[in-house]
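Only one structure is covered here, and it is reproduced in the block below.
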Amino acid sequence: MEIPRRLIELRRAVEAADDRYRNNRGENATVALAVWSDATAALARGIADYAAETGLPHREVESAVRRATGRHAPADGGPGAGR
């Protein structure tokens, strides 16, 4: 399945936000958490929209996006999973 670039970029934004959250404490972590939350919501909307447009199962699209970016933990386990 060919994954649209916009979904890959949204996934990478989630990964970057998760990395920022992991590397911050206190007030900076709170801001980073808000950024992560917004990025995750945008990715979820993007995946849902693409699944609806193509008629593909949501889970299949979600898995393909993960495979396309090569990382699994951030969006799966929340910010700082295993922190």
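The table for this structure:
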quantity	calculated
Identity of the residue in segment 68-83, surrounded by 12 or more Cβ atoms within 10 Å (Cβ to Cβ) and at pLDDT 85 or above, that ends up nearest to Val31 (Cα to Cα)	Thr69
Selection from segment 29-67 of residues that are of a type in the set (Val, Ile, Thr), under 18 Å from Ile8 (Cβ atoms) and surrounded by 14 or more Cβ atoms within 10 Å (Cβ to Cβ)	Thr40, Ile47, Val61, Val65
Pick from segment 1-28, criterion of a type in the set (Gly, Ala, Ser) and surrounded by fewer than 18 Cβ atoms within 10 Å (Cβ to Cβ), ranking: nearest to Tyr50 (Cα to Cα)	Ala13
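The values are calculated or read from the model by the stated rules, or taken from the named source; none is laboratory data. Just so you know, these numbers come straight off a predicted model, no measurement behind them. Every residue, glycine among them, receives a Cβ derived from its backbone with ideal geometry; neighbour counts consider all protein chains shown.
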